[in-house]
Amino acid sequence: MSRPEVTNVERVAVIGTGVIGSGWIAHFLRQGMQVRAWDPASDAEEKVRERLTAVWPILTRLGLHPNASPDNLTFCATLEEAVADAQFVQENTPERLPIKIASLKAIDAACPPDTIIASSTSGYLMSEMDVECQHPERCTVAHPFNPPYLMPVVEVVASPRTSLEAHQWAVDFYRVTGKQPLKLTKEVPGFVADRIMEAVWREILHMIDNDMATVEEIDMAVRYGPGIRWAMMGPLTVLHLGGGEGGMAHLIHQFGPSLQAPWTFLQPPELTDELAQKVIDGCDRLTEGVPIRELEAERDDLLIRMLELLDSSRLWHIGNTNG
Ligand SMILES: NC(=O)c1ccc[n+]([C@@H]2O[C@H](COP(=O)([O-])OP(=O)(O)OC[C@H]3O[C@@H](n4cnc5c(N)ncnc54)[C@H](O)[C@@H]3O)[C@@H](O)[C@H]2O)c1
C-alpha cells in the first residue's frame, strides 16, 4: 500500500483511548473517517462511547463532515487488528517509555509499511521511542493539547530518522483535518509548548511548597492576568507590546537587569506526598465540587466561542508562517 493523498485518508487507527485517545477519536470521526481503536482496559469502549455522546453536540457546532457518525468507530480485540488496514495511526498509550517503545514496535510490525505512525507523547523524543521499529522513517511525534478535537495546535516533531516526506505528510494531514500543526525539525525534550508549561508548573509547585501562594491565588493570578493575554497573543508579542512604542527593544533595556533578580526557582521541586496532597486538595476546593465532566462541557463551550472570536482578528493570525 502506498501513502494516500492527505485529503483522501479514510481509515485511521487510535491506540490507547483514554483522555487523549478518545479526544482524537472524536476529532477523526468528525472528519468523516472510519476509526478503529484498541485499548487493553475492559471498560474502554463503554467509556469512549459515553464520551462521544457527551461531545457530539460540540463536534456538530464545529461542523461535521457529511459522512461523520459515531457508528464509524470500531473497537478491535487486538492492536494488530486495529492497525492492520490503517492509513494513519495515532498512539496515545500511557506516558511511560517502556510502554511507548513496546506499543510503537507492535504498531510498526502490524500496520502497512508506509502508514504514518504519530505519537501523542507529551515529551519523549521519537528517537527514544522508535528504537525497536523496523520503519522509524514513518514515525513522528504529534503532541496535541487537550481536548484534541478543539485545541488547534499539534506539535509535529521529527526524529533524525523520520523522513522529510513523512514529516511533511503528517503536517499536511493534520492541517487538512483542521488542526494548526507546528512543524518542528529539531528534537527538543518537551518540544516547545510543554517546555514552557513545565517551567510554569515547576514554579507553581515551589510556590505552593513554600507557602508563598495558595492554589486559589495562583489560578486567579494567571486567569485574570497573563492567561487572557496569552489566549490572544504569543508571550513574545505580549512582551513586545509591553515595551510601548519602543517595542521589545525598550522592554529588554528596561527589564533585562531584573532577569538577574531571584524571582524564579526553575529547578524542579521534590514532589513529596505532602506537596502532592496540598495541590490535590487545593484543586478540589477551587472547583467547588463541580464534577469534571460538567467543567469539561463548559470549557468546550467557552473554547469554541473564544476560537470563533479570535479567528476574526488579525492579531491572532499574525506571524503564523510555520509548516
Ligand atoms: N492528558 C493530557 O492533557 C495530554 C495532553 C497531551 C498529550 N498527552 C499524552 O497522551 C498520551 C495518553 O495520555 P492520556 O492523558 O490520554 O492518558 P490516560 O491515562 O487517560 O489514557 C491512557 C490509556 O492507555 C491505555 N493503556 C494502558 N496500557 C496500554 C498499552 N500497553 N497499550 C495501549 N493502551 C494502553 C489505558 O487503558 C488508558 O485508556 C500520553 O503519552 C500523554 O503524555 C496527554
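Principal-axis analysis of the Cα atoms of the chain puts helix 292-311 at an angle of about 80° to the longest axis. The modelled label-to-label distance between Gln267 and Thr185, using points 7 Å beyond Cα along the C-beta direction, is 3.8 nm. I need the shape label for region 281-323. Rule: rounded when a/c is under 1.5, else prolate if a/b > b/c, else oblate, with a, b, c from the alpha carbon gyration tensor. Prolate is the answer for region 281-323, as a/c is 1.5 or above and a/b outweighs b/c. Distance from the alpha carbon centroid of region 124-170 to that of region 206-229 works out to 33 angstrom.
Taking label positions 7 Å along the Cα-Cβ direction at both Tyr224 and Trp201, the computed distance is 2.7 nm, reported to one decimal. Taking Lys and Arg as +1 and Asp and Glu as -1, the other residues whose beta-carbon sits under 10 Å from that of Cys111 total -3.
The residues Ile304, Ile107, Ile228, when put in order of fewest to most other Cβ atoms within 10 Å, stand as Ile228, Ile304, Ile107. Over region 194-286, Cα pairs under 8 Å with separation of 6+ residues give a relative contact order of 42 percent. Remark: Cys133, Cys76, Cys283 ranked as Cys283, Cys76, Cys133, counting other beta-carbon atoms within 10 Å and listing the fewest first. Specify whether the C-alpha gyration tensor of region 194-286 places it in the rounded, prolate or oblate class, a ≥ b ≥ c being the square roots of the eigenvalues: rounded for a/c under 1.5, otherwise prolate if a/b is larger than b/c and oblate if not. Judged from the Cα gyration tensor, region 194-286 comes out prolate (a/c at least 1.5, a/b above b/c). In terms of the Cα gyration tensor, with a ≥ b ≥ c the square roots of its eigenvalues, is region 75-167 rounded because a/c is under 1.5, prolate because a/b exceeds b/c, or oblate? Rounded, since a/c falls under 1.5. Figure legend: label point modelled 7 angstrom from the Cα of Phe255 along Cα→Cβ; no residues of region 306-323 have amide N under 14 Å from it. Helix 97-110 and the longest principal axis of the C-alpha atoms of the chain enclose an angle of approximately 30°. Charged neighbours of Met306, selected by a Cβ distance under 14 Å, balance to 0 (K, R count +1; D, E count -1). Modelled spin-label separation between Ala77 and Glu128, with each label point placed 7 Å from Cα along the Cα-to-Cβ direction: 3.6 nm. Against the main long axis of the alpha-carbon atoms of the chain, helix 44-62 sits at an angle near 70°.
The slack between Ala109 and Arg285, meaning 0.36 nm per residue of separation minus the straight C-alpha distance, is 58.7 nm.
Take every pair of alpha-carbon atoms less than 8 Å apart whose residues are at least six positions apart; their mean separation over the length of the chain yields a relative contact order of 14 percent. Electrostatic tally near Glu45: other residues with Cβ closer than 14 Å to its Cβ, Lys and Arg +1, Asp and Glu -1, net -2. Within the chain, the proportion of C-alpha pairs whose separation exceeds 31 Å stands at 38%. Lysine pair count for the chain with Cα-Cα distance under 27 Å and sequence separation of 8 or more or different chains is 9.
Values quoted throughout were computed directly from the atomic coordinates according to the rules given, and no laboratory measurement underlies them. Quantities reported herein were computed from a predicted structural model and do not represent experimental measurements. Heads up, the Cβs are rebuilt from the backbone with ideal geometry, glycines too, and the neighbour counts pull from every protein chain shown.
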